[in-house]
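Working notes, structure below.
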Amino acid sequence: MKKAILISLIFASTYSNAQDSNVSTEVLDSIYFQAIEGRIDLALVGGPIFFEQNEVTARIGNINHFRFLSDSELIQESLNRKQTINAIRTTHKIISQDTIDVNFGNVAVTAKRQIHFHKGLRFKKADFAISCGGTNGYQPDFRFVLDNSTGTWKLLTNRYLDEIKKADNSR
């Protein structure tokens, strides 16, 4: 009997604390756009910068010198250049109704033309290597918080801008 009561209390507490995390696609697109434009370190790099395309970045389209490519397009670009292509993977995490984190990770795509057997005869081989986020625990790259008074999303944390400020202060 005690176990049944304990289980029902746990279920009731998790159900009552669960929040609706539905965010409109327009808001999510706007947040991604702000986060990508907020990458100050990428603005200083010359040449095209490749992003791995996902469901949100497919709706945004190309921005300035940022190119959003699907996995097959990244493989083809690596084959054309005959070298490893470094792309940026963009993901988001909805913390609550009023908090969304946008994170960036590096993906190295190496493609080669060769004959190999994988579910039949193949002529291309591609390796995707994902970088490690480190052991500092979860730290968002960008954190957006909903300002209830104005109804707009405000940028609360920009890890890349904070790193630049730390480097300037250490000089």
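The numbers here are math on the coordinates, done by the rules we state, and not lab data. Not measured: the values here are computed from a predicted model. FYI the Cβ positions are ideal-geometry reconstructions off the backbone, even for glycines, and counts take in every protein chain you see.
In square nanometres and to one decimal, what's the mean projected area of the convex hull around the Cα atoms of segment 18-171? Mind showing how you got there, number by number?
Values: hull surface 51.6 nm².
Averaged projected area of segment 18-171's Cα convex hull equals 12.9 nm².
How long is the gain from LYS124 to ASP98 if the chain were fully straight, where each residue apart is worth 0.36 nm and the alpha carbon distance is subtracted? Before the final figure, lay out each step's value.
Values: separation 26, 0.36 × 26 = 9.36 nm, distance 4.44 nm.
Additional length available on full extension: 4.9 nm.
Beyond a 23 Å Cα-Cα separation, which of these cross-linked pairs lie in this structure: LYS93/LYS154; LYS82/LYS124; LYS93/LYS125?
Working: LYS93/LYS154 16 Å; LYS82/LYS124 12 Å; LYS93/LYS125 31 Å.
LYS93/LYS125, as the Cα separations exceed 23 Å there.
Rank these for me by crowding, GLU163, GLU77, going from fewest to most other beta carbons within 10 Å. Please report the intermediate quantities before stating the final value.
On the way: GLU163 12, GLU77 18.
Placing the least packed residue first, the sequence is GLU163, GLU77.
Could you tally the net charge around ASP29, taking each other residue with its Cβ under 11 Å from the Cβ of ASP29, Lys/Arg +1 and Asp/Glu -1?
Details: positive: ARG59; negative: GLU26, GLU55.
Summing Lys and Arg as +1 and Asp and Glu as -1 gives -1.
Rounded to the nearest 0.05, what FRET efficiency do ASN86 and LEU155 give with R0 = 45 Å and r taken as the Cβ-Cβ distance? Could you check?
Numbers: r = 26 Å, r/R0 = 0.57.
The value I calculate is 0.95.
Can you work out the Karplus-derived ³J(HN,Hα) for every residue in segment 85-97? Use 6.51 cos²θ - 1.76 cosθ + 1.60 with θ = phi - 60°, whole Hz, and x for glycine or proline.
The phi angles translate into 9, 9, 10, 10, 9, 10, 9, 10, 9, 8, 6, 7, 4 Hz.
Of the trypsin sites (Lys or Arg not before Pro) in segment 70-124, which ones lie in a loop per DSSP and count no more than 14 other C-beta atoms within 10 Å? Write out the running numbers ahead of the final one.
Working: sites: ARG81, LYS82, ARG89, LYS93, LYS112, ARG113, LYS119, ARG122, LYS124; in loops: LYS82, LYS119.
Passing sites in segment 70-124 are LYS82, LYS119.
At a Förster radius of 22 Å, what calculated FRET efficiency corresponds to the Cβ-Cβ distance of ASP41 and ILE63, to the nearest 0.05? Provide the component values of the computation, followed by the final result.
Values: r = 15 Å, r/R0 = 0.69.
Computed FRET efficiency for ASP41 and ILE63: 0.90.
Hey, fewest Cβ within 10 Å first, where do PHE50, PHE104 land in order? Please report the intermediate quantities before stating the final value.
Numbers: PHE50 20, PHE104 17.
Starting with the residue having the fewest Cβ neighbours, the order is PHE104, PHE50.
Putting +1 on Lys and Arg Cβ atoms and -1 on Asp and Glu Cβ atoms, find which of GLY47, PHE144, VAL102 reaches farthest to the positive end of the dipole of segment 23-169.
Toward the positive end, the furthest listed residue is GLY47.
Quick query: amide H of PHE51 versus all other amide H atoms, modeled in the peptide plane; which residues come in under 5 Å with a sequence gap of 5 or more or a different chain?
Amide H neighbours of PHE51: ARG67, PHE68, LEU69, ILE88.
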